[in-house]
Amino acid sequence: MTTNTLEERKRYINQIKASFQEPGKSNQYQDVAPGGEETAPAMGYFKLRLLIAAVLFAAFVYCDKNHVNIYTYTTDQMCEYIQADMDTEQIMEAMKKLP
């Protein structure tokens with residue numbers, strides 16, 4: 001190989017390397033603004049789950065205070081179902097019957 005060919009290859013490799021922002025780092029799963037600046041997600045999953053939990057709790061309190069039934073269940077019955085002990089053996093047997 002001649003010196004010109006080696007220098008052309010080096011120049012080409014350097015051009016390819018320069019075309020990447022940061023070698024070894026993928027921006028595939030990151031939010032990137034049009035100007036190339038990284039932006040944080042508007043709302044994280046924790047915030048979303050917290051918001052859903054707060055809405056469900058507010059709906060439960062509303063139903064409790066106004067004596068509203070959800071389908072045929074009262075809020076007292078729901079509390080009993082939540083607090084009831086579960087037999088793990090029955091649950092495992094039911095899980096085994098599933099396809």
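Quick notes on this structure:
- Tabulated pairs, segment 55-71, first open to solvent by less than 60 Å² (accessible area, probe 1.4 Å), second β-branched (Val, Ile, Thr) and not in a helix (DSSP H, G or I), C-beta under 8 angstrom, 6+ apart or interchain: Cys63/Ile70
- Residue within segment 12-26 that is modelled with pLDDT of 85 or more and open to solvent by 100 Å² or more (accessible area, probe 1.4 Å) present: yes
- The helices (runs of 4 or more DSSP H) found wholly in segment 30-99 and carrying at least 3 residues that are modelled with pLDDT of 90 or more occupy 45-65, 75-83.
The values are calculated or read from the model by the stated rules, or taken from the named source; none is laboratory data. Keep in mind it's a predicted model, so treat the numbers as computed, not measured. Backbone-built Cβ (ideal geometry, glycine too); neighbour counts: all protein chains shown. The accessibility values were calculated without ligands, DNA or RNA, using every heavy atom of the protein model including side chains. Shrake-Rupley method; radii C 1.70, N 1.55, O 1.52, S 1.80 Å.
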